[in-house]
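The values are calculated or read from the model by the stated rules, or taken from the named source; none is laboratory data. None of the values given here were measured: they were computed from a predicted structure. Cβ placement follows ideal geometry from the backbone for every residue including glycine, while neighbour counts extend to all protein chains displayed. The protein model used for the area step is the full one, side chains on, heavy atoms only, and it has no ligands, DNA or RNA in it. Shrake-Rupley method; radii C 1.70, N 1.55, O 1.52, S 1.80 Å.
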Amino acid sequence: MRELLRDNMEINHQGHLVISGCDVTKLAAIYGTPLYILDEVLIRRACREYVTSFAALFEESQVLYAGKAFLTTGMCQIINEEGLGLDVVSGGELYTALASGFPKEKIFFHGNNKSPEEIDFALEADIGCFVVDNLWELELLNQKAKAHQRRARVLLRITPGVEAHTHVYVQTGQLDSKFGFGLAKGVAMEAVKRALAAEFIDWLGLHCHIGSQILDLECYSVAVDLMFDFMAQIKEETGREVRILDLGGGLGIRYTKEDQPKTPRQWAQHLAQSVQEAARKYRLGIPKICVEPGRSIVGPAGSTLYTIGSIKHIPGIRTYVAVDGGMSDNPRVALYDAKYEGIVANKAHQPCTQVVSVAGKCCESGDMLIWDLPVPEVTAGDLLAVFATGAYNFSMASNYNRLLRPPVVLVNNGTHRLLVRGQTYEDLIDDDLDLSDSGECSRVS
């Protein structure tokens with residue numbers, strides 16, 4: 001079982017899984033299950049590796065944490081303390097950041113369909129930058145900025161035509177995408193010219209993002225070359241040079257032993273080499289380089305702890321082991337056919353003697369967490385720890401079947417503290433209205 005352990009994990013003398021000095025069986029006794037566990041040591045280590053690597057390789061750089069991976073007020077405070085900026089994609093993420101005291105000038109606002117209300121909110125807050133996705137948004141932002149009597153700082157999101165080798169649902173850089181301005185047929189160039197002509201737009205540069213869970217760094221080299229080619233065209237046609245080039249995120253992590261991810265430092269080195277080569281090739285200066293990691297900062301730091309309940313043997317077929325969570329706290333398996341590894345946390349020292357498939361408790365046949373997992377002999381009440389769940393699990397969790405969203409606990413060298421309280425049944429119905437509470441019916445004419 002030890003070969004499955006991740007950084008900052010060990011098995012103690014009782015045979016229990018320990019994460020950052022915390023025995024997970026004790027965490028389960030205190031906080032219950034399901035339980036998201038985040039290792040603060042690993043989060044801060046990744047943040048520092050990103051900041052120092054890019055600062056060492058680029059004259060100007062900014063690492064922005066991709067908030068969609070996992071965002072709470074506490075997480076905002078951590079990334080601010082570590083010197084990162086923040087990428088948000090909604091009014092709710094922006095509100096969370098501002099409520100935490102996050103510096104407004106270090107916030108970039110993404111999204112392919114920002115509402116007028118969200119744009120007003122961001123302009124009032126005077127955030128650092130808007131990443132504009134389409135011409136409708138560009139025109140709306142110019143109008144709103146005029147009404148607020150301030151210039152909106154803008155990057156234009158470009159779809160460079162790179163299909164990263166990842167799941168089709170998380171590919172974003174190909175030309176047929178809901179995101180951004182395509183390079184083909186002059187679409188992106190027209191957007192640049194309109195941004196330059198807009199009275200209340202301060203055009204700073206370009207953004208691209210080719211996808212998520214990327215393990216092959218060569219995809220980034222292709223994207224960098226295409227972006228510099230476009231930057232050269234912009235200079236030739238408009239005389240303007242790009243001040244900021246945001247290359248997005250997408251660096252993959254280890255979910256299973258088949259995944260061989262690169263480190264943040266290796267990614268930074270690869271991007272630096274690609275940028276330098278492209279700058280020489282197209283005879284351009286190197287603008288400020290931004291990147292937007294999310295998964296690679298918080299994903300490996302997360303584990304989810306479950307309690308095993310029913311065990312169902314189907315002779316000659318398989319054994320199902322059901323846990324007290326599932327697609328409500330981790331929808332990625334159902335959405336992307338994501339693969340995970342895990343161990344029986346209270347029997348981590350015991351040899352594996354059987355293979356089981358881990359089912360969730362939602363009323364869906366597709367609610368499976370892990371197929372064919374080697375485990376020791378298990379009984380109801382045992383604890384299952386699933387690894388690499390820090391990104392897009394809490395963020396995408398739901399109350400399907402009226403299941404409660406689990407708490408999030410932050411562990412750090414033997415200490416633990418709540419980052420997010422778990423829901424109660426009272427929380428679950430807090431926004432519900434009885435018919436008697438709704439007043440008289442109103443007719444829409």
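Hey, among the residues in region 412-430 that are part of a strand (DSSP E or B) and farther than 19 Å from N330 by Cβ, which one's least open to solvent (accessible area, probe 1.4 Å)? Spell out how you get there, then give the answer.
Let us first name the residues in region 412-430 that are part of a strand (DSSP E or B), namely 412, 415-420.
Filter once more, keeping what is farther than 19 Å from N330 by Cβ: 412, 415-418.
Values: N412: 42, T415: 81, H416: 74, R417: 133, L418: 80 Å².
Checked region 412-430; the qualifying residue least open to solvent (accessible area, probe 1.4 Å) is N412.
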Evaluation of L433 against (1) over 30 Å from G74 (Cβ atoms); (2) loosely packed, with under 13 Cβ neighbours inside 10 Å; (3) modelled with pLDDT of 95 or more (one fails), failing number: (3)
Where a residue in region 343-365 is polar (S, T, N, Q) and its partner, wherever it lies, is assigned to a loop (DSSP other than H, G, I, E, B), with Cβ under 7 Å and at least six apart: N346/H16; N346/D382; Q350/G15; Q350/P376; T353/P376; T353/E377; Q354/E377
Options E124, E82: the member that is open to solvent by 30 Å² or more (accessible area, probe 1.4 Å) and either at pLDDT below 95 or not small (G, A, S) (or both): E124
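Residues being in contact with a His (Cβ under 9 Å, 6 or more places away or on another chain), part of a loop (DSSP other than H, G, I, E, B) and either open to solvent by less than 60 Å² (accessible area, probe 1.4 Å) or polar (S, T, N, Q) (or both): count how many of those fall in region 344-353. Don't jump to the end; show me each part of the working.
Of the residues in region 344-353, the ones in contact with a His (Cβ under 9 Å, 6 or more places away or on another chain) are 345-349.
Next, only the ones that are part of a loop (DSSP other than H, G, I, E, B) stay: 348-349.
When the remaining residues are screened for being either open to solvent by less than 60 Å² (accessible area, probe 1.4 Å) or polar (S, T, N, Q) (or both), the result is 348.
Final tally of qualifying residues: 1.
Being modelled with pLDDT under 90, open to solvent by 80 Å² or more (accessible area, probe 1.4 Å) and not in a loop (DSSP other than H, G, I, E, B) is the filter here, so list the residues in region 162-197 that pass it. First the steps, then the outcome.
As a first pass, look at region 162-197 and keep what is modelled with pLDDT under 90: 162-179, 184-185.
Within this subset, residues satisfying the condition of being open to solvent by 80 Å² or more (accessible area, probe 1.4 Å) are 163, 165, 168-169, 175-176, 178, 185.
Matches in region 162-197: V168, Y169, K185.
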Test: residue in region 330-343 that is open to solvent by 10 Å² or more (accessible area, probe 1.4 Å) and part of a strand (DSSP E or B): no
Which numbered condition T389 misses (of (1) surrounded by fewer than 11 Cβ atoms within 10 Å (Cβ to Cβ); (2) within 18 Å of the chain's Cα centre (by Cα)): (1)
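Identify, from the list D324, D337, the residue that is touching a residue at least 40 places away in the same chain (Cβ under 8 Å) and in contact with a Lys or Arg (Cβ under 8 Å, 6 or more places away or on another chain). Working first, answer last.
Numbers: D337 fails: in contact with a Lys or Arg (Cβ under 8 Å, 6 or more places away or on another chain).
When all the criteria are applied, what remains is D324.
For region 302-312, check the following and say yes or no: at least one residue is free of Cβ contacts under 8 Å to residues at least 60 places away in the same chain and within 30 Å of the chain's Cα centre (by Cα).
If we filter region 302-312 for residues that are free of Cβ contacts under 8 Å to residues at least 60 places away in the same chain, which is where we start, we get 312.
From the residues that got through so far, the ones that are within 30 Å of the chain's Cα centre (by Cα) too are none.
For region 302-312, residues free of Cβ contacts under 8 Å to residues at least 60 places away in the same chain and within 30 Å of the chain's Cα centre (by Cα): absent.
Being under 16 Å from G360 (Cβ atoms) and among the small types (G, A, S) is the filter; apply it to region 302-327 and report the residue that is surrounded by the fewest Cβ atoms within 10 Å (Cβ to Cβ).
S310
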Residues satisfying the stated conditions in region 127-161, i.e. touching a residue at least 60 places away in the same chain (Cβ under 8 Å), in a loop (DSSP other than H, G, I, E, B) and buried (at least 23 other Cβ atoms within 10 Å of the Cβ): P160
